[in-house]
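Right, one structure below, let's go through it.
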Amino acid sequence: MIHVRSFTSTLAVRDGGDGRTLHGPVLPWGVEARVLDAGRLVTETFERGALAGTDQGRVPLTATHPRDAGTLPIGVTLTIEDRADAAWGEWRVSDTMIGNEVLALARDGVPLGLSIGFAEVPGGNRWSADRQRVTRTRAELDHIAVVRTPAYVGAGVAGVREATTRAERMATLLTLLRRHG
């Protein structure tokens, strides 16, 4: 089963790229969210390092949470970095109609949240005695969605990278080729 979680942040297009790379915090550590888990409303937090071992190149960026296998991604995850406050990421947005719409919204400063879809892993949950609170210590990312209202305060697009040097564009291309090549 894939769980879906969102949190509010500032997702932005950042300088230093080709104008198609979003970056921002995707999952804050220790921030509480009220979520549905197996049909029950519980309080959930993620522990720093919960996403360690994620194969970044296999985590698509989507414009919405996928409803089925037919939902196409709008881009690919380039990096997931474990920082003190949150897991931060960078995503290459494809030149598609929906991808271009998301980039236009980010460039216009429209607040865009980020939301994760994840699968539980054995031993990755620490439940309270009353099973009302869960701390996720490990999780396997399935996808990251750009959303209007995320579950976690602080998750979202912080910027869009704009075009700069040929060398930086080549470095991005090489990263993508290594992951998918």
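Residue-wise test of (1) among the hydrophobic types (A, V, I, L, M, F, W, C); (2) loosely packed, with under 14 Cβ neighbours inside 10 Å; (3) closer than 18 Å to Val160 by Cβ.
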| site | (1), (2), (3) |
| --- | --- |
| Arg48 | no, no, no |
| Ala52 | yes, yes, no |
| Asp55 | no, yes, no |
| Ala69 | yes, yes, no |
| Trp88 | yes, no, yes |
| Ser94 | no, no, yes |
Discussion item. Just checking, does the range 147-159 include any residue being among the small types (Gly, Ala, Ser), open to solvent by 40 Å² or more (accessible area, probe 1.4 Å) and at pLDDT below 95?
Written reply: yes
request  = Inspect the range 68-91 for any residue being aliphatic (A, V, I, L, M), over 20 Å from Ala158 (Cα atoms) and over 11 Å from the mean Cα position of the chain (by Cα) and give the result as yes or no.
outcome  = yes
Only one of (1) at pLDDT 95 or above; (2) out of contact with any Phe, Trp or Tyr (no Cβ under 9 Å at 6 or more places or on another chain); (3) within 21 Å of Arg58 (Cα to Cα) does not apply to Trp127, and that is (3)
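The values are calculated or read from the model by the stated rules, or taken from the named source; none is laboratory data. On a predicted model such as this, the values are computed, not experimentally measured, just so you know. Cβ atoms come from the backbone with ideal geometry, glycine included; neighbour counts cover every protein chain shown. Ligands, DNA and RNA are excluded from the accessible area calculation, which covers all protein heavy atoms including side chains. Shrake-Rupley method; radii C 1.70, N 1.55, O 1.52, S 1.80 Å.
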